[in-house]
């Protein structure tokens, strides 16, 4: 759905990020997802507390995979802004080399 008014000047499309910048942002998002996964674990999302998955050692072993995917979804939906900060710091570090 186009929400621009008729006759309004079109805004240019932003240029796609350079491959190196895209790879750097991917790494920053991975770091944010890892951080969020750890925080979710410490917040008590290690395993299903109501036992709907049956509990046991299998649930304990695979809970980290669930937390990692939940964290990845959080990052994909905007996260907490950590990836952007990490990205800028990584860019600055690369420019000083």
By how many nm would the segment from residue 61 to residue 77 grow when fully extended, if each residue of separation counts as 0.36 nm and the alpha-carbon distance is taken off? 3.1 nm
Fewest-first ranking of 57, 80, using other Cβ atoms within 10 Å as the exposure measure: 57, 80
From fewest to most C-beta neighbours within 10 Å, the residues 65, 35 line up as 65, 35
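Read-outs: derived from the displayed coordinates by stated rules, not from any lab. Just so it is clear, the model here is predicted, and its values are computed rather than measured. All Cβ positions, glycine included, derive from the backbone under ideal geometry; neighbour counts span all protein chains shown.
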